[in-house]
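Everything on this sheet refers to the single structure shown next.
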2 protein chains.
Amino acid sequence: MKHPLSNPPPSEGEGEGGGKGGSVIEIDFKKGDGLIPVIIQDASTHEILMLGYMNREAWEKTLKTNRATFWSRSRKKLWLKGETSGHFQEVKEIYLDCDGDTLLLKVDQMGGAACHMGFRSCFHHRYEEGRWEVSGERIFDPKEVYGE
Amino acid sequence: MKHPLSNPPPSEGEGEGGGKGGSVIEIDFKKGDGLIPVIIQDASTHEILMLGYMNREAWEKTLKTNRATFWSRSRKKLWLKGETSGHFQEVKEIYLDCDGDTLLLKVDQMGGAACHMGFRSCFHHRYEEGRWEVSGERIFDPKEVYGE
């Protein structure tokens, strides 16, 4: 039987990878030079906590350990989220988008805060009347977690 | 008075841009060669609908029209989401992350579906026991919206 998604429609925008439809899809590490953006969402509150990047090694380590591991673009090495702070991200669910070029992880955020600046979410600047205003809840004092 | 975030802690991973702390932050289009990833979240259900990319022009057009406009990496041109389908995304809230290199838009999704394949969300492949299984709600038949 032909899969209902085997002939996807003409793509709108980024959807050109749609020919892979159905469950015959793989992570496309090629489009981003070996890296794929990974959205991290709190599994309970549904808040967006951060966006990181994974290469294949980070992806495989995440699967193996069930804790989010990223590729740090600035430090150019694997980065187990929480390795310094203890604020690990326990992976509850994993989703891939229709192009295979973005991951979404629903996690339990240890310590209640994902941002190294002490906020629950890295997205704590809200656009209001042409300015970025700090918003969101600050959970910890960065100095106490990372030192002076 | 010194802003409490003016001396951010040593960064963990991607957080190196933290020196911009407080509300003195700008979108960093340079890190991604002129493009910034944009997470699109349903303002009501908090579901992640898709991830797109904006250049400065797409960002400014989004602000001006209050409808999400992206840069299509494959078509290499501005892409008003919904221009073909009518499934526009009305922007309700905008957030920037602590590095200034990722945007989060909370939107009202016209038509109830963001994905060109007819699903509410582009993230309709769920990882289960080593496979990507199709999940999520299919709202429309792509053939009826985009034609055969």
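The values are calculated or read from the model by the stated rules, or taken from the named source; none is laboratory data. None of these values were measured; they are calculated from a predicted model. Quick reminder, even Gly has a Cβ in these numbers, built from the backbone with ideal geometry, and neighbours come from all protein chains shown. The area values use the complete protein model at the heavy-atom level, side chains included, leaving out ligands, DNA and RNA. Shrake-Rupley method; radii C 1.70, N 1.55, O 1.52, S 1.80 Å.
Structure notes:
- Of the residues making up region B:67-87, those that are loosely packed, with under 13 Cβ neighbours inside 10 Å and over 13 Å from B:M110 (Cα atoms) are B:K76, B:K77.
- Condition broken by A:D101, with the remaining ones in (1) among the acidic types (D, E); (2) over 15 Å from A:Y53 (Cβ atoms); (3) buried (at least 18 other Cβ atoms within 10 Å of the Cβ) satisfied: (2)
- Residue match in region B:75-85 (condition: touching a residue at least 60 places away in the same chain (Cβ under 8 Å), among the polar types (S, T, N, Q) and within 11 Å of another protein chain (Cβ to nearest Cβ)): yes
- Residue within region B:113-124 that is facing chain A (nearest Cβ under 9 Å) and open to solvent by 20 Å² or more (accessible area, probe 1.4 Å) present: no
- Wholly within region A:44-148, strands (runs of 3 or more DSSP E) carrying at least 1 residues that are more than 17 Å from the chain's Cα centre (by Cα) and within 23 Å of B:A43 (Cβ to Cβ): A:125-128, A:131-134
- For region B:125-132, the criterion of being closer than 28 Å to B:I36 by Cβ and either in contact (Cβ under 8 Å) with a residue 12 or more places away in the chain or touching a helix residue (DSSP H, G or I) at 6+ places or on another chain (Cβ under 8 Å) (or both) is met by none of the residues.
- Positions within region B:29-66 being exposed (fewer than 13 other Cβ atoms within 10 Å of the Cβ) and of a type in the set (F, W, Y), in sequence order: none
- Here B:V91 does not qualify as at pLDDT 95 or above, farther than 19 Å from A:V38 by Cβ and surrounded by 23 or more Cβ atoms within 10 Å (Cβ to Cβ).
- Test result for B:A68, of a type in the set (A, V, I, L, M) and in contact with a Leu (Cβ under 8 Å, 6 or more places away or on another chain): yes
- Near pairs, Cβ below 9 angstrom, 6+ apart or cross-chain, from region B:95-106 (within 7 Å of another protein chain (Cβ to nearest Cβ)) to any residue that is open to solvent by less than 10 Å² (accessible area, probe 1.4 Å) and acidic (D, E): B:L104/B:D97
- Any chance A:E148 is facing chain B (nearest Cβ under 9 Å) and at pLDDT below 95: yes
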